[in-house]
């Protein structure tokens, strides 16, 4: 996968995150293709309203969802998680009645917490770039961006 640096008005960034959203009580909710299509559609709906959010990869198991998502530095990861959870929880109980039975008396279908990990330039590449600062410009900036992941 090629890393894509995003240019904004006052910044250039690569802020990719691995997010894992778990269903409340780890209940097996995503048990058929219809539910998964609905959830995935709702995630992509969020990116229509927030075009700087980019879902790069998405998949699921029966009780959690994995996302590789690019979040601009101006947005907090927690805010994006809230948007994703809120948008997918809204109306899912009326669309899929068995979920309403699973979560009777509760607000939503997602666990309060989430897992997040950054994805990006590896530490060794950054260290080399910083160590070589001040040397004659031999195209080290280009070298940094080319050596992000030589396997890609």
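The values are calculated or read from the model by the stated rules, or taken from the named source; none is laboratory data. Not measured: the values here are computed from a predicted model. Counting neighbours? That spans all protein chains shown, and the Cβs are built from the backbone with ideal geometry, glycine included.
Going by the conditions given, is residue 89 farther than 29 Å from residue 12 by Cβ, at pLDDT below 95 and surrounded by 12 or more Cβ atoms within 10 Å (Cβ to Cβ)? Criteria met by residue 89.
Once region 28-58 is narrowed to residues that are assigned to a strand (DSSP E or B) and in contact with a helix residue (DSSP H, G or I) (Cβ under 9 Å, 6 or more places away or on another chain), the residue that is nearest to residue 115 (Cα to Cα) is 58.
On inspection, residue 9 does not qualify as more than 13 Å from the chain's Cα centre (by Cα), surrounded by fewer than 16 Cβ atoms within 10 Å (Cβ to Cβ) and under 19 Å from residue 111 (Cβ atoms). Run down 68, 102 and say which single residue is surrounded by 15 or more Cβ atoms within 10 Å (Cβ to Cβ), assigned by TED's automatic domain parsing to the domain that holds residue 19 and touching a strand residue (DSSP E or B) at 6+ places or on another chain (Cβ under 6 Å). When all the criteria are applied, what remains is 68.
Is it the case, given these coordinates, that residue 38 is over 30 Å from residue 122 (Cα atoms), surrounded by 14 or more Cβ atoms within 10 Å (Cβ to Cβ) and either outside the structural domain of residue 98 (by TED's automatic domain parsing) or without any contact (Cβ under 8 Å) to a residue 60 or more places away in the chain (or both)? Yes; evaluated as a whole, the condition is true for this residue.
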